[in-house]
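I have placed the structure first, in the form of structure tokens, so that the comments after it can refer back to it.
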Amino acid sequence: MRPLLLLLIGFGLFACKDEVAAPALDYRYEYFPLLIGQERLFVVDSILFDPLGNRVQIDSTTTFIRELVVDTFRNASNELEYRIERYERRNSTTPWVLKKVLSESRPSHQAQRFEDNFRLLKMVFPLKIDQSWNPLVYVDPLAKVDVKGEPLELFKGWEAQIKSIDQSWNQYPNTLEVQFSDYENAIELRRGTERYAANLGLVYRELSVLNTQCLSACQGQPWEKKAQSGFILKMRRI
């Protein structure tokens, strides 16, 4: 009788173990939603620093941007990508003009954006506070971009980290803050942050890419005063 009782207890323990399901892992994909038909409207304020001989010309512009998720396709790795058309105009009354086509994807628990021949790793899932990653896995960190005829190392010192999650910001009750660049020395500044809202995606981006050769004479001055080339960009959802 005793061996039979032990055997039944053993079966009971195994049965209980089988009934306990592992907790589902929440990847938090809602911060990078992808769906055909999505429309995203932004306004971008930019300041460009153009070196002209012994002086620097500063140009300020405002641009309205409209992104439409129009289709999907399979890339060379057979991963699903979402085709996005980006339109621009200078004010709210002029017609939209198609400027470029780009794509976004979420393969292997990642969020990627492919634009201007650069594939950036925007997020790594599941999202969690203080998580860090290399956003330039698919990009040469020494790649240069042309800004007003000046080649700039845009990606120098980039390293992404989640600074906050599920935090209210402006009119959005739940946002994710990603700092993707925070690099500075005496002659270079690369600093950028993004905000994503749950079920909306990107709602704010700020990026400063600035260079200077003004050292002792500009000591203690803010970058907006001593910058000789580069740009400052602020983009917000409307």
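Looking at the square roots a ≥ b ≥ c of the eigenvalues of the Cα gyration tensor of region 37-156, which shape do they give, rounded for a/c under 1.5, prolate if a/b is larger than b/c, or oblate? Write down the numbers at each step before the final one.
Numbers: a/c = 2.08, a/b = 1.30, b/c = 1.60.
Here region 37-156 falls in the oblate category.
In nm, to one decimal, how far is the Glu39 label point from the Ala76 one, both placed 7 Å along Cα→Cβ?
A separation of 3.6 nm, rounded to one decimal place.
With a 1.4 Å probe and all protein chains left in place, how much accessible area per residue does region 101-238 have, in Å²?
Details: 6810 Å² over 138 residues.
Counting only protein heavy atoms, the per-residue value for region 101-238 is 49 Å².
How much length is gained if the chain between Gln179 and Ala217 is pulled fully straight, taking 0.36 nm per residue apart and subtracting their Cα-Cα distance, in nm to one decimal?
Numbers: separation 38, 0.36 × 38 = 13.68 nm, distance 3.07 nm.
Between Gln179 and Ala217, full extension yields 10.6 nm more.
Work from the charge dipole of the chain (Cβ charges, +1 for Lys and Arg, -1 for Asp and Glu, about the Cα centre) and give the residue of Val178, Trp223, Pro135 farthest towards its positive end.
Trp223
Of all the accessible heavy-atom surface of the chain, with the other protein chains kept in place and a 1.4 Å probe, what percent is carbon and sulfur? List each step's numbers first, then the result.
Working: 7320 of 13830 Å².
Carbon plus sulfur share of accessible area: 53 percent.
Compute, for region 113-238, the length of the dipole vector about the Cα centre, with Cβ point charges of +1 (Lys, Arg) and -1 (Asp, Glu) only. Units Debye, rounded to 20.
Values: 17 positive and 16 negative charges, 61 e Å.
That gives region 113-238 a dipole magnitude of about 300 debye.
In region 51-95, which trypsin sites (Lys or Arg not before Pro) are in a loop and have at most 11 other Cβ atoms within 10 Å, using DSSP for the loop call? Can you show the working numbers first?
Values: sites: Arg55, Arg66, Arg74, Arg83, Arg86, Arg89, Arg90; in loops: Arg90.
Those satisfying the criteria are Arg90.
For an R0 of 45 angstrom, estimate the FRET efficiency from the Cβ-Cβ distance between Gln161 and Val56 and round to the nearest 0.05.
E(calc), rounded to 0.05, equals 0.90.
Label points 7 Å out from Cα along the Cβ direction at Ile238 and Asn170: separation in nm?
1.1 nm
Suppose R0 equals 35 Å. What FRET efficiency, 1/(1 + (r/R0)^6) with r the Cβ-Cβ distance, do Thr94 and Asp130 give to the nearest 0.05?
Values: r = 44 Å, r/R0 = 1.25.
E between Thr94 and Asp130, to the nearest 0.05, is 0.20.
Would you mind working out the magnitude of the charge dipole of the chain relative to its Cα centre, with +1 at each Lys and Arg C-beta and -1 at each Asp and Glu C-beta, to the nearest 20 Debye? Walk me through the intermediate numbers first.
Values: 31 positive and 31 negative charges, 49 e Å.
Approximately 240 debye in magnitude.
Please find, in a Gaussian network model of the chain (springs between Cα atoms separated by less than 10 Å), the residue of Gln110, Gln167, Gln179 whose mean-square fluctuation is greatest.
Gln167
The values are calculated or read from the model by the stated rules, or taken from the named source; none is laboratory data. Keep in mind that this is a model prediction, so the values were computed, not measured. Every residue, glycine as well, gets a Cβ built from its backbone with ideal geometry; the counts of neighbours run over all protein chains shown. Side chains included, ligands, DNA and RNA excluded: accessible areas come from the protein's heavy atoms. Shrake-Rupley method; radii C 1.70, N 1.55, O 1.52, S 1.80 Å.
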